[in-house]
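Trainee: I have a structure here, written as structure tokens, and I will follow up with some questions on it.
The values are calculated or read from the model by the stated rules, or taken from the named source; none is laboratory data. It should be emphasised that the depicted structure is a prediction, and the values quoted were computed from it without experimental measurement. Positions of Cβ are backbone-derived with ideal geometry, glycine not excepted, and every protein chain shown enters the neighbour counts.
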Amino acid sequence: MDFRTQIGVSGVVVQFAGASQSGDTRATTDANGSYVISVPIFGPLTVSVDGVFAGTVQVTGRAYRGDLLIDRGTCISRYGTLADARTFRPVAGATVSVGGGTTISGADGWYRIDLGCPAMNFPGGTTFMYVTHPNYAPRQQVVGRGIQGVRRVDLDLERR
């Protein structure tokens, strides 16, 4: 989906790859910007769109939500899903913070934090995303050197 218009983008190649996979798995989006892909493993994978890194995903099962946002400009956003590390079920109600933005994950574990187009200037140091939930251990994840671009970051959370 185009980040600014929220309209599906047709004809782009979506590619999933994992460290333990030989080769990769690809699909091309249809006229509506949709794609169906079968990955041979569940777990952490990198994803690219037309050869450009789009983020890291945590495939949690057959019905995984593989939405990807595309922005070739100066927008900054982090989005993705939060899942229970043992059950792979979505984690709703988690607080996600990065770069001064905060949101709460939905019933499907989905979160999205938009930081502007063009965004304010973020320093070049390591940038962390923080996730908290009363039933899970707090989680922090490096999400960039400084913070640039529109990237998907899926995370799993450990129960307390």
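Trainee: Looking only at residues in region 139-151 that are on the phi < 0 side of the Ramachandran plot and either at pLDDT 95 or above or assigned to a loop (DSSP other than H, G, I, E, B) (or both), which one is surrounded by the most Cβ atoms within 10 Å (Cβ to Cβ)?
Mentor: Top of the filtered list is ILE147.
Trainee: Kindly evaluate ARG112 against the criterion of being modelled with pLDDT of 95 or more, in a strand (DSSP E or B) and either of a type in the set (A, V, I, L, M, F, W, C) or in contact with a strand residue (DSSP E or B) (Cβ under 8 Å, 6 or more places away or on another chain) (or both).
Mentor: Yes: the conditions hold for ARG112.
Trainee: Then there is this: From the list TYR130, TYR136, which one is hydroxyl-bearing (Ser, Thr, Tyr), surrounded by fewer than 17 Cβ atoms within 10 Å (Cβ to Cβ) and more than 25 Å from ASP2 (Cα to Cα)?
Mentor: TYR130
Trainee: For region 19-39, indicate whether the set of residues that are among the charged types (D, E, K, R), at pLDDT 95 or above and in contact with a Ser or Thr (Cβ under 7 Å, 6 or more places away or on another chain) is non-empty.
Mentor: yes
Trainee: While we're on this one: Take the residues in region 94-109 that are touching a Lys or Arg at 6+ places or on another chain (Cβ under 7 Å) and either crowded, with 21+ Cβ neighbours inside 10 Å or not polar (S, T, N, Q) (or both), then tell me which one is farthest from THR132 (Cα to Cα).
Mentor: ASP108
Trainee: So which strands (runs of 3 or more DSSP E) are wholly in region 1-67 and hold at least 1 residues that are in contact (Cβ under 8 Å) with a residue 40 or more places away in the chain and surrounded by 12 or more Cβ atoms within 10 Å (Cβ to Cβ)?
Mentor: Answer list for region 1-67: 13-17, 43-49, 52-59.
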